[in-house]
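Since the structure comes first, as structure tokens, the remarks are kept for the end.
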Amino acid sequence: MCIDSQMLSAYLDGELKEPYRTQVIEHLEHCAACRKHLDDIRALSNRVRNTAFTEEELGRKKDAMLEMLDKKYFQNNKISFFRRRFEMSLPQMVTAAAAVVVIFVCGFMFFGSNPAQTDDILPSFAVPADSQNVRLVSSKSGSLDDYTLEEILQYLDAKGYQVDISIKGLQPIETPAQTE
Amino acid sequence: MEIKSTNRDDFRFIYEQNYHLIMQVTMHIVYNLGIAEDLTQEAFERFYVKNMTFPSEEEAKYWLLKVAKNLALNHINRNKRDIQLVEKVKKMPGKTVNNEDGQKQVIDEESRREVREAIAQLPENLRIVIQLKEFSGLDYKAIGKTLGISETNVKVRVHRARKKLEELLNTEDRDVY
Ligand SMILES: [Zn+2]
């Protein structure tokens, strides 16, 4: 029995699993028809590959695009509180694999002025600092980088919240060697 | 290596590694360099804006491929009425030849155009699979992950695409006689 073309196609792609692979190899050794069939599939595959666009054709904007994206996303003149803190004040945390900034907001305006008490009554919520949560506390759209810490504090203060900010570095269970 | 899409070094690394691949894939869907560039840029912007951490550079690659492919397909479907894909391929300017062996290059370019036209005639579900197979260097498993289909399904589609291409190209040969 000869090999069906789907199997040959998978064999050509190096995707045929044992024991089929060995069976195909053995069959090919003594069957000229299947060898011809395989050659045809290979020739077609090569023709298709040959229609690939060259890196030269595709790459004309590569460097300019990266530069543009780099400017847009990584060279923001207004350094955010979080980036500044992480770069300047907490060098050891920069090297930690993960760090989380947590903002605790307590609604003391409803329950008196004792924060400890408030903690007991009202579950304080902890928000990891990312762009999602700035929208949450400020109700304005935009990313975290659009606001300084001062602005966030002023906003919360104006709303009558007591704010406590803590920054934690999280050590992962196993630290894989970082490739530079 | 873990990849954080908003980390500058990680972003540059992923960009350098995948730019040509993303261009290749979008280009074979839209057949227009300027549009492919726009789509590629959008894919990388989404990558950043998404602010995700990937367990490996491969996972980041699959994500980018998936997004780029969907962006390109959306673009095509949105503009379907404007111009048929096959027509687009026909209208694509040939590559400029400045090789001393100019004659052979022209023939290559003709054959290439013929195959591209045949690929453009494949149904979408076969076309994307064979393009990823032949242009991306991804194996069946990775293609399956990118497209959200099973490895077996990839195998079947690669085979069907090849069979269909064989038919299309042979028919065109016969027309010559
Ligand atoms: Zn045989």
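Bear in mind that the values in this text are calculations on the coordinates, not laboratory data. Given the structure is predicted, the values throughout are model-derived calculations rather than measurements. Backbone-built Cβ (ideal geometry, glycine too); neighbour counts: all protein chains shown.
Rounding to the nearest 20 debye, state how big the charge dipole of segment A:5-50 is about its Cα centre with +1 on each Lys and Arg Cβ and -1 on each Asp and Glu Cβ.
Once rounded to the nearest 20, the dipole reads 200 debye.
Between segment A:26-69 and segment A:4-24, what's the alpha-carbon centroid distance in Å?
19
Apply the Karplus curve 6.51 cos²θ - 1.76 cosθ + 1.60, θ = phi - 60°, to the phi angles in segment B:7-12 and return the couplings in whole Hz, x for Gly and Pro.
Using θ = phi - 60°, the values come out as 7, 4, 5, 4, 4, 4 Hz.
Can you work out ³J(HN,Hα) from phi for every residue in segment B:34-44, in order, using Karplus 6.51 cos²θ - 1.76 cosθ + 1.60 and θ = phi - 60°, giving whole Hz and x for Gly and Pro?
Karplus-based 3J(HN,Hα) across segment B:34-44 equals x, 5, 4, 5, 4, 5, 5, 4, 5, 4, 5 Hz.
Place +1 on the Cβ of every Lys and Arg and -1 on the Cβ of every Asp and Glu in segment B:1-79, take the dipole about the Cα centre, and give the residue among B:31, B:41, B:13 whose Cα lies farthest towards its positive end.
Towards the positive end, the residue furthest out is B:31.
Using modelled amide H (1.01 Å from N, peptide plane; none on Pro or chain starts), what sits under 5 Å from the amide H of residue B:3, excluding residues fewer than 5 places away?
Placed amide hydrogens put B:54, B:56 under 5 Å from residue B:3.
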